[in-house]
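Structure, as structure tokens:
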Amino acid sequence: MNTETAVEKRAEGEVTQHEAMRGGPRYRPSVDIVEFPGELRVMADVPGANPESIDINFEKGVLTIHAKVEPRHSQESDYLLREYAVGDYYRVFTVSENIDARRISAEYADGVLTLHVPKSEEVQPRKIELREN
Amino acid sequence: MLNGAFLGGYPVSRLSGEVERAFDHAFGGFPLGRGGGVWPVSVGRSFPLVNVWDAGEKLHVEAEVPGLKLDDLEILIRGSELTIRGERKKPDQEDVTYHRRERGAGSFCSKVELPVEIDVDNVKATLDNGVLTLVMPKASSALPRKIEVKVKK
């Protein structure tokens, strides 16, 4: 489909641009995406990120999460055990247009970012009341 | 069901597959998260991952525990063995559809053998934005001792 191709190209351009702008490795946060009757909820593990350093962008059906994380200890030679690396979190999703982008909201607590992505009114199931005569 | 309506576009695979479909029912082939990958329920070693560095008289231990509070964690030190255990609660939500489920839930227990003994009474634990930091003074027996050499006259 033409529209999908357009989204792909646009998104790809954006990713490339990001790559060129910022060096250093970026890590892919683990996410849960849960569909509720009225909204989609995206929960991402971004431990170590400050709420001020998290960028969430939604543009033309592409949802981008980018959290900047500075190294907490940079003296390589001091490490006795290193099971994980510290750096920016980055993840991109394409989302259909059946959401109400203006009402997307986000909260952050204990290293977990939660995005509320409301469905647009017309795709929400309507409740029809039946009355007994 | 509305699921079909939320499948928009294809993943862009050229750049390490960073663009994904957000609402995809395909549960096979999850991308591995950093380090440990998918976190199965009730895992042993793989959560939390731990970094340890030497800061002279102290050891710094750091672990990523997103979604947990200090009260959810149990930190045990026996000699030079550190254990971090706890539980990340499973969400008990009904009437929802999971499109992706990569964040693990359940109980975990991580053991780390430290290179020296620790002064257990003076360990400080802080939790900030999902990162647990333990500052652990080395036991006096583990500190380097300067030995005076007396010159015999």
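The values are calculated or read from the model by the stated rules, or taken from the named source; none is laboratory data. Bear in mind the structure is a predicted one, so any value in this text is a computation, not a measurement. Cβ atoms come from the backbone with ideal geometry, glycine included; neighbour counts cover every protein chain shown.
Observations
- Residue match in the range B:63-76 (condition: modelled with pLDDT of 90 or more, within 23 Å of A:PRO71 (Cβ to Cβ) and over 12 Å from the mean Cα position of the chain (by Cα)): no
- Evaluating A:HIS73 against the criteria (1) more than 30 Å from B:LYS111 (Cα to Cα); (2) at pLDDT below 95 leaves one unmet condition, (1).
- Failed item in (1) more than 17 Å from the chain's Cα centre (by Cα); (2) more than 13 Å from chain A (Cβ to nearest Cβ), with B:GLU87 passing the rest: (1)
- The one condition from (1) outside any strand (DSSP E or B); (2) at pLDDT 90 or above; (3) more than 8 Å from every other protein chain (Cβ to nearest Cβ); (4) crowded, with 16+ Cβ neighbours inside 10 Å that B:ASP121 does not meet is (4).
- Residue check for A:LEU113: of a type in the set (A, V, I, L, M, F, W, C) and facing chain B (nearest Cβ under 7 Å): no
- Candidates B:LEU59, B:LEU134, B:LEU127 - the one that is in a strand (DSSP E or B), within 11 Å of chain A (Cβ to nearest Cβ), in contact (Cβ under 8 Å) with a residue 12 or more places away in the chain and more than 26 Å from A:ARG91 (Cα to Cα): B:LEU59
Per-residue answers, yes or no, for (1) surrounded by fewer than 15 Cβ atoms within 10 Å (Cβ to Cβ); (2) in contact with a Leu (Cβ under 7 Å, 6 or more places away or on another chain); (3) more than 21 Å from B:PRO91 (Cβ to Cβ):
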residue: A:PRO25; (1), (2), (3): yes, no, yes
residue: A:ARG28; (1), (2), (3): no, no, yes
residue: A:PRO37; (1), (2), (3): yes, no, no
residue: A:LYS60; (1), (2), (3): yes, no, yes
residue: A:GLU70; (1), (2), (3): yes, no, yes
residue: A:GLU107; (1), (2), (3): yes, no, no
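- So A:ILE56, is it within 14 Å of the chain's Cα centre (by Cα), within 10 Å of chain B (Cβ to nearest Cβ) and part of a strand (DSSP E or B): no
- Condition met for B:ASP95 (surrounded by fewer than 18 Cβ atoms within 10 Å (Cβ to Cβ), under 14 Å from the mean Cα position of the chain (by Cα), within 10 Å of another protein chain (Cβ to nearest Cβ) and modelled with pLDDT of 80 or more): no
Okay, residues lined up against (1) under 17 Å from B:VAL65 (Cα atoms); (2) in contact with a Gly (Cβ under 8 Å, 6 or more places away or on another chain); (3) modelled with pLDDT of 95 or more; (4) part of a strand (DSSP E or B):
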residue	(1), (2), (3), (4)
B:HIS99	no, no, no, yes
B:SER107	yes, yes, no, yes
B:VAL112	yes, no, no, yes
B:VAL116	no, no, no, no
B:SER141	no, no, no, no
